[in-house]
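Below is one structure, written out as structure tokens; comments come after it.
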Number of protein chains: 4
Amino acid sequence: MKTKTYETVIVGGGVIGCSIAFQLAKRETSVLLLEKERIASQASSAAAGMLGAQAELMESRTLFELARTSRSLFPVVSAELKELSGIDIGLVRKGLLRIALTAEEADRLRKHISCQQSLGEQAEWLTARQALEMEPELSPNVLGAMYIPDDGQVVASDLTNAFARSAVALGAEIQEFADVEHLVVEKETVVGIKTKDGIIPCNQVVVAAGVGTESLLKPNGLHVPVYPVKGECYSVKTSKPLLEKTIYTDGCYLVPKRYGEIVVGATVKKHACDRKVTLGGISSLMQQAERLLPSIMQAEWNRAWSGMRPQTPHDLPYLGEHPRCKGLFIAAGHYRNGILLSPITGIIMADLVEGKTPRWDISAFAIPETVHSYTGV
Amino acid sequence: MKTKTYETVIVGGGVIGCSIAFQLAKRETSVLLLEKERIASQASSAAAGMLGAQAELMESRTLFELARTSRSLFPVVSAELKELSGIDIGLVRKGLLRIALTAEEADRLRKHISCQQSLGEQAEWLTARQALEMEPELSPNVLGAMYIPDDGQVVASDLTNAFARSAVALGAEIQEFADVEHLVVEKETVVGIKTKDGIIPCNQVVVAAGVGTESLLKPNGLHVPVYPVKGECYSVKTSKPLLEKTIYTDGCYLVPKRYGEIVVGATVKKHACDRKVTLGGISSLMQQAERLLPSIMQAEWNRAWSGMRPQTPHDLPYLGEHPRCKGLFIAAGHYRNGILLSPITGIIMADLVEGKTPRWDISAFAIPETVHSYTGV
Amino acid sequence: MKTKTYETVIVGGGVIGCSIAFQLAKRETSVLLLEKERIASQASSAAAGMLGAQAELMESRTLFELARTSRSLFPVVSAELKELSGIDIGLVRKGLLRIALTAEEADRLRKHISCQQSLGEQAEWLTARQALEMEPELSPNVLGAMYIPDDGQVVASDLTNAFARSAVALGAEIQEFADVEHLVVEKETVVGIKTKDGIIPCNQVVVAAGVGTESLLKPNGLHVPVYPVKGECYSVKTSKPLLEKTIYTDGCYLVPKRYGEIVVGATVKKHACDRKVTLGGISSLMQQAERLLPSIMQAEWNRAWSGMRPQTPHDLPYLGEHPRCKGLFIAAGHYRNGILLSPITGIIMADLVEGKTPRWDISAFAIPETVHSYTGV
Amino acid sequence: MKTKTYETVIVGGGVIGCSIAFQLAKRETSVLLLEKERIASQASSAAAGMLGAQAELMESRTLFELARTSRSLFPVVSAELKELSGIDIGLVRKGLLRIALTAEEADRLRKHISCQQSLGEQAEWLTARQALEMEPELSPNVLGAMYIPDDGQVVASDLTNAFARSAVALGAEIQEFADVEHLVVEKETVVGIKTKDGIIPCNQVVVAAGVGTESLLKPNGLHVPVYPVKGECYSVKTSKPLLEKTIYTDGCYLVPKRYGEIVVGATVKKHACDRKVTLGGISSLMQQAERLLPSIMQAEWNRAWSGMRPQTPHDLPYLGEHPRCKGLFIAAGHYRNGILLSPITGIIMADLVEGKTPRWDISAFAIPETVHSYTGV
């Protein structure tokens, strides 16, 4: 790599970094994305690809608003990416059933439906009979379900690769196996980035390094905590489709994919740094899947894998400029929502990098002031 | 499997069998497809997916006519299959350059262009300079090229799976790992098919078993020769696209696919039954690829594979009813053109099975009369 | 392949065929082994490799005698194969614990121990406490165990490949991807074998084709029934060894292998011809493994696979010359005991081929007289 | 991981780190090995496993002495590791032919033979005819060869895993996916190591992190330069062995392995940090292999891979205590000789850690005094 200058350097080739690269390339600024390994090699290829805006995000109103806006961007993004990269991201919008297996869950879901409706979202209660009519392979033990017709899904690794390839088609540069050492900062302002091959001058750096964000910024004395939450999954193959819609319940979801694949996820293991899939993890997911969809036990085993979701101490992603370092932007910590939030995160970060005020309120996602200095030798 | 009755049983889960199953399922007849291994496990997943109607088929006028009609069916087929199966078959129509590296090849191609034009097909001669403008990474040693703007490509295994999944969505049944022993024939008429699990009664059998066709029919004393022509291939990955169009020359082609993949093929080894990729085979393809596209040497190695193209003694596929066995239809021996000819073969065979006269003249593809009886013990 | 003549042609490149090839090559007769796919591609690579002579074979006294003799041959075979092929077959003789989880099983095992002792075999009863001292990770719910110190194991695919490579080192020829059509028989005597490439003259044919034996002989009008019994397995990886000995109970075994791998097997599904691993199959094996060895749930998932064990209607392998066809020898139907019985089967069949009376009584394994003629068209 | 105290913590789970762990565990000191990914995931599994003491190490007399001593340790190490871990390291000592293809090479090799003989090593010149008698598949264009009967080889990943498993069997602990942040140093003395999970107190740290050594020590202001030299390889499979001995020439070697595999290596690309195998790299190795062994072109393609050899600016490994940090030992930068030097490096480093003077002179491998301080923000 020569000492070419870039307007913006992005660190991290997951779905967030690639979406930002795509938006910046559309705006015709010069952009370089540096990825430690390969594009989509971590969480972005492990994700099941649900666009579950309504199924999960009940805690933060602001995040929910971003999520449903981001979900609405997918049809356009899908067409753009197909045109530019030739990659079909597998966007399917056949809805989601959030299943109640206990009376208590049924109560909780009914309240959630009212709440969703008051926000103008589609959501309706299905009796057990209605749920079974919609998805005949569901267990007869199902008590009912919240039906969300608008929810959908994509193929996470295809989305990430499509963002990356489309960014390149529009002029962005991507370097895999890039070894970033630290930012180059002068007068509390980013002026470049140091890799093993030398310094790359630039005006802005966007860090979208997922669980690697914290250690990436440590040599610069910046403390931006992001910790891993391991999730284990497996998938099966069926010759005839068993499901049309995504099935979701506490602790287990089943997502029907192309080629008769059903992805079953996911365990939640905080601070687990390894990528090992445990027998206990998938055994527990098998028992839960059987309770929801008994006939899945006749399906063919496909494979098991794991991913590290990037989580923050306050359970919200970071989206913004670092308060102590001008020109350093951070988009990390999307936890389970990276795929869903990737289109809007790309737009927000491109706005910020260009010095524009984003169209959406992102004050809740500001990088915290507290910065611990690095304590080496 | 119970002794259910089917209107039609298809033997062979490659692209031809699956296309026929799809067409029959669309016509609402009951159809069962039996596959010895898994869908698309042989030639149909090894193919590079070129729809090279004009690049190759100069020998047989009839075959050329079928091929160009079949090629014209792809846009509609692509949309149908995406709707029914969710699978994008990767149809790309960016054209093909048939390269001349010698003056003699240039002459031959110029004549071929005239011939194509007289048939109403688009084809034009590009000087070396024009070819390099179109594909700047081509070798400066290129003397010129025949440009065929209409040629395109698909992803062969996706096409086959999409036919299969769409057939199932329309009511067809598919059984993998099915062990067919022989046809059940009474009074020179097919009445069923015998598998390891028993006899399945049916009114028609369509054999679309590629290189397995000959041995499949042998226990019934029917001699339908199809021999394997092994082809070896490899592919590379590039981070930036090196090519937009397919590059074709005698003995070597380069097909740019999704995700920056370029497929390089293919050797031609008659009667080789093994599936082994030889070092010599891919080494020779590497040297040929370098002569066409020198910068491919910096691309990343991806993988190597091989496939068995099914060829017939008279170099034309069999499409028709067997002259000595009523109700037995054969669609086999498509050699290098299985992917391209699959849509039209599906329609022709469905017409035949339904007792209709196909819309296209297929007399050239009739099954030969000569039938040797089986000489076992 | 030229029309070279061989003394003996073996059909089948599993552990049985390769062991016979090895023994014949040692005796310096010219031998050709034909394998439909690749060496060790079916049951012989799916097997867990237990040499469980005493754990299982209680039904047939004759088979038990063969099994314990065969087991005693392994140390010498292991050294020979390592010398000739460089392959270590992973012979470990650390013993086996057959676990009782119920009082009834405990009774049954105690009787079995007496029976074993009366046959001069080592076997002893361990109380729960003794069993836990020997294998501390066992479940505290274990009631006791039969301990067989002499039982051992090998790596099944390494054994098969070592037989094959050693046979080649001694002059045997092996052809993979060979397509056998039928035997060539004159006056009820084998004179050759017909493949796609022509007739190979030979004086004897040994069929060791496992579940493929039946259909292989069908074109010659010979009916030698062998049916598949599918077994599903999985394995895990541990960083510290959890087990030293093989753990065995009804329906589930755990075999500790090199590199911290533990193989867990195996389901029993008669007449299942597919090679699909079902979710239900491995889920059930997970629950059984947890009952025996709770800490296995923390182990790392490795992979799942299946194999087809070849079984006969009378539950005993065929070892002998076919009563209706001189020069045709059959060694097939070893069910779960192919690995264990491979050394002795090699010697027995080599003796038979050479016209010698085997050292062991094999009358129980004779090929049945009943021969149905083939009923094709 | 709890805050347990260890005598020694080793950083790096390649062949060097695992050999040191094994030697320390044998001496019954408490040892913990931390590996960033998995054991043997980098250079130690990419290596071809040649023990080429005499073939290469002509530059440094000291290194040559270490190398031939280390080579002599392999038979004992092999037996120890097999006993403790059950893993056969594949030690084969069938010798090596260093081929001359030009008259100049022949001259150079003849001189090298004299030099070897004067050092008491076996080495002899073979004429082309003698070389072809020894290895009949060699090209007739070979002019002659240096024959080294003592040279041998192992399976590199098996050796590394066997060291690791044997260390664990003797009480060592190994943690994969461990994220080391920096050393904990007080008064220029190591007192512990900081990982993502907290501080692990210890008395010594041994850094054996290969190409990761430099960046690992950077946060502590220590500059120990090690740079990567990428090597690309591929392997083929043969049904009959083509070679018995290793074939070596400038720029290309062929190593016959178990199961008929031949490893062909390796390119030399300095400072290449990616792990990509280029088409150009393997194409060039194919042409070189064909010049040595023409019949390899009929062999079956197996796979291609790459590895990063760790090299130092002065072309010698570091073996010793860091001059500016008591208790910090470094064993890194073994370049192409890590497998060969692993047994002796384990012993030397264990001696140093125990405060003993190593049996061999290692002054040439001291860590340089020059220490640049870290220049972050």
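A Gaussian network model of chain D, with springs between Cα atoms under 10 Å, assigns the largest mean-square fluctuation among D:Ser283, D:Ser166, D:Ser72 to D:Ser283.
When every alpha-carbon pair in the range D:116-271 is counted, what percent end up more than 25 Å apart? Let's see the in-between values first.
Details: 6750 of 12090 pairs.
Roughly 56 percent, once rounded to a whole number.
Legend: mean number of C-beta atoms from other chains within 10 angstrom of residue C-beta atoms, peptide C:278-290, equals 6. When the alpha-carbon atoms of the range B:291-332 are used, the pair Rg, Dmax equals 20.1, 57 angstrom. The alpha carbons of the range D:98-182 occupy a box of 53, 31, 27 Å along the principal axes, longest dimension given first. Along its three principal directions, the equivalent ellipsoid of the range C:274-377 from the Cα gyration tensor extends over semi-axes of 38, 19, 11 Å, largest first. Working from label points 7 Å from Cα in the Cα-to-Cβ sense, the A:Thr69 to C:Val268 distance is 6.3 nm. Compute the whole-percent fraction of alpha carbon pairs in the protein assembly as shown spaced more than 49 Å apart. Distances greater than 49 Å cover 40 percent of the Cα pairs. The angle between the Cα long axis of helix B:61-85 and the longest principal axis of the Cα atoms of chain B comes to about 80 degrees, rounded to the nearest 10.
Which value, in debye to the nearest 20, gives the size of the charge dipole of chain A about its Cα centre, when Lys and Arg are +1 and Asp and Glu are -1 at the Cβ?
On the way: 40 positive and 42 negative charges, 70 e Å.
With only Lys, Arg, Asp and Glu charged at Cβ, the dipole is about 340 debye.
Amide hydrogen proximity for B:Cys273: with H placed 1.01 Å from N in the peptide plane, no residue at 5 or more positions away or on another chain lies under 5 Å. Would you mind telling me which residue in C:Ser85, C:Ser363, C:Ser306 has the biggest mean-square fluctuation in a Gaussian network model of chain C, where springs connect alpha carbons within a distance under 10 angstrom? Result: C:Ser363 has the largest fluctuation of those listed. Diffusion coefficient of the range D:117-164 by Stokes-Einstein, Kirkwood radius over Cα pairs, 20 °C, 1.002 mPa s: 163 µm²/s.
Between D:Arg93 and D:Gln117, what FRET efficiency follows from the Cβ-Cβ distance if R0 is 22 Å, with the result rounded to 0.05? Write down the numbers at each step before the final one.
Details: r = 19 Å, r/R0 = 0.87.
Computed FRET efficiency for D:Arg93 and D:Gln117: 0.70.
For the range D:202-214, the Karplus equation 6.51 cos²θ - 1.76 cosθ + 1.60, evaluated at θ = phi - 60°, returns couplings of 6, 8, 9, 10, 10, 9, 10, 9, x, 5, x, 4, 4 Hz by residue, with Gly and Pro reported as x. How big is the C-A contact in terms of buried accessible area, both chains counted, 1.4 Å probe, rounded to the nearest 100 Å²? What C and A bury together is about 1600 Å². The dipole here belongs to the protein assembly as shown: it is taken about the Cα centre, uses +1 on the Cβ of Lys and Arg and -1 on the Cβ of Asp and Glu, and is about 0 debye.
Residue-wise HN-Hα couplings along the range B:136-151, as the Karplus relation 6.51 cos²θ - 1.76 cosθ + 1.60 with θ = phi - 60° gives them from phi, are x, 8, 4, 5, x, 7, 4, 8, x, 7, 8, 9, 10, x, 7, 5 Hz; Gly and Pro carry x. The heavy atoms of C:Cys233 present about 10 square angstrom of accessible area, all protein chains included, probe 1.4 Å.
When you have a sec, figure out the Kirkwood radius of the range A:203-300 from all distinct Cα pair distances and drop it here in Å to one decimal?
The Cα-based Kirkwood calculation yields 15.7 Å.
Sorted from greatest to least, the principal axis extents spanned by the alpha carbons of chain D come out as 65, 47, 41 Å. Values of log10 I(q)/I(0) for the range C:52-160 across q = 0.14 Å⁻¹ run -0.64, by the Debye formula with one identical scatterer at each alpha carbon and no solvent. Comparing A:Glu354, A:Glu300, A:Glu135 in a Gaussian network model of chain A (Cα springs below 10 Å), the most mobile by mean-square fluctuation is A:Glu300. If I fit a long axis through the Cα atoms of helix D:338-353 and take the longest principal axis of the Cα atoms of chain D, what angle between them do I get, 0 to 90°, rounded to 10? It works out to around 30 degrees.
Farthest towards the positive end of the charge dipole of chain A, among the residues A:Thr312, A:Met349, A:Ala128, is the Cα of A:Thr312, using unit charges on the Cβ of Lys, Arg, Asp and Glu. Computed over the range B:153-239, the P(r) tail beyond 22 angstrom holds 46 percent of alpha carbon pairs. Taking every DSSP beta bridge that has both ends in the protein assembly as shown, the antiparallel portion is near 75%.
Separation of the range B:272-350 from the range C:115-156 is 56 Å, based on Cα centroids.
Largest accessible area first, the listed residues A:Lys257, B:Lys196, A:Lys111, D:Lys94 line up as A:Lys111, D:Lys94, B:Lys196, A:Lys257 when surface is computed with a 1.4 Å probe on the assembled protein chains. Shape analysis of the range B:255-328 based on the Cα gyration tensor places the equivalent ellipsoid semi-axes at 35, 15, 11 Å, largest first. The label point for B:Lys4 and the one for B:Ala79, both projected 7 Å from the Cα toward the Cβ, are 3.2 nm apart.
Over the range B:1-122, how many pairs of lysines fall under 25 Å by alpha carbon, counting only those 8 or more apart in sequence or from different chains?
Working: B:Lys2/B:Lys26; B:Lys2/B:Lys36; B:Lys4/B:Lys26; B:Lys4/B:Lys36; B:Lys26/B:Lys36; B:Lys26/B:Lys82; B:Lys82/B:Lys94; B:Lys94/B:Lys111.
Close lysine pairs found across the range B:1-122: 8.
Lys-Lys pairs in the range D:117-274 that are eight or more residues apart or on separate chains and whose Cα atoms lie under 25 Å of each other come to 15. Ligands, DNA and RNA aside, A:Lys356 has an accessible area near 110 Å² when probed at 1.4 Å.
The values are calculated or read from the model by the stated rules, or taken from the named source; none is laboratory data. Not measured: the values here are computed from a predicted model. When we count neighbours, we look across all protein chains shown, and the Cβ atoms used for this are built from the backbone with ideal geometry, even at glycine. The area values use the complete protein model at the heavy-atom level, side chains included, leaving out ligands, DNA and RNA. Shrake-Rupley method; radii C 1.70, N 1.55, O 1.52, S 1.80 Å.
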